[in-house]
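The next block holds one structure in the form of structure tokens; read it before the comments.
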Amino acid sequence: MRKTIISFLMLVCFLLNACSQNEETVEIDDKGFANTLLVQKIEGNIASDDMTKIVKDKEKITETLEMVKGLEVKEIEVNRMFEKLRAQNAYMFSFLENDVGDTEKIPYAFYILEDGTVLFTAENVGSPEYPRVSLDKQEDLLGEMREMLDVEF
């Protein structure tokens with residue numbers, strides 16, 4: 001009986017550990033990498049110039065990154081991420097080292113869906129890892145970012 005209980009407890013611990021292994025906290029080590037923040041509203045899977053804002057203020061760019069720091073996230077398959085993006089309107093926040101239009105890869109980006117779900121395109125700046133999705137909806141985050149960045153669309 002005692003062996004059975006110990007075996008059962010070990011199994012439960014193993015399963016709990018396995019379930020939480022792909023959960024993590026958003027950490028952005030170098031918040032000063034970006035010189036440009038491109039904010040775009042995506043409605044009906046379309047982004048337009050009149051719903052795009054370019055932010056050059058380094059302090060606001062850093063503050064935007066700071067606002068997502070500490071969010072609890074987990075890995076999400078790329079196809080599942082695109083399904084979520086197609087299902088709702090979203091705001092895309094793209095952080096660039098140079099000006100918009102330069103032929104550079106976007107080192108870091110995230111989307112905030114209208115329901116408060118946050119989708120990160122990668123684990124960290126310049127990381128080729130799987131995308132991440134927030135564990136909890138962040139209903140107020142988009143409004144706070146829009147206000148801080150003076151985004152009116």
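The values are calculated or read from the model by the stated rules, or taken from the named source; none is laboratory data. This one's a predicted model, so the numbers in the text were calculated from it and none came from an experiment. All Cβ positions, even for glycine, are placed from backbone atoms using ideal geometry, and neighbour counts span all protein chains on display. What goes into the accessible areas is simple: the full protein's heavy atoms, side chains included, and nothing from ligands, DNA or RNA. Shrake-Rupley method; radii C 1.70, N 1.55, O 1.52, S 1.80 Å.
Are there any pairs, at least 6 apart or on different chains, whose C-beta atoms fall under 6 Å, with the first in the range 130-153 and under 29 Å from Glu77 (Cβ atoms) and the second open to solvent by 20 Å² or more (accessible area, probe 1.4 Å) and β-branched (Val, Ile, Thr), and if so, which? As it stands, the answer is Pro131/Thr121, since those pairs meet every condition given.
How many residues does the range 115-134 hold that are at pLDDT 85 or above and loosely packed, with under 15 Cβ neighbours inside 10 Å? The total comes to 1.
Could you tell me whether Thr103 is among the polar types (S, T, N, Q) and either open to solvent by less than 30 Å² (accessible area, probe 1.4 Å) or at pLDDT 95 or above (or both)? No; evaluated as a whole, the condition is false for this residue. Tell me, please, whether a residue that is open to solvent by 80 Å² or more (accessible area, probe 1.4 Å) and in contact with a Ser or Thr (Cβ under 9 Å, 6 or more places away or on another chain) can be found in the range 79-97. Yes - at least one qualifying residue is present in the range 79-97. Looking at the range 51-79 only, could you name the residues that are among the hydrophobic types (A, V, I, L, M, F, W, C) and more than 13 Å from Thr36 (Cα to Cα)? Selection gives Met51, Met67, Val68, Leu71, Val73, Ile76, Val78.
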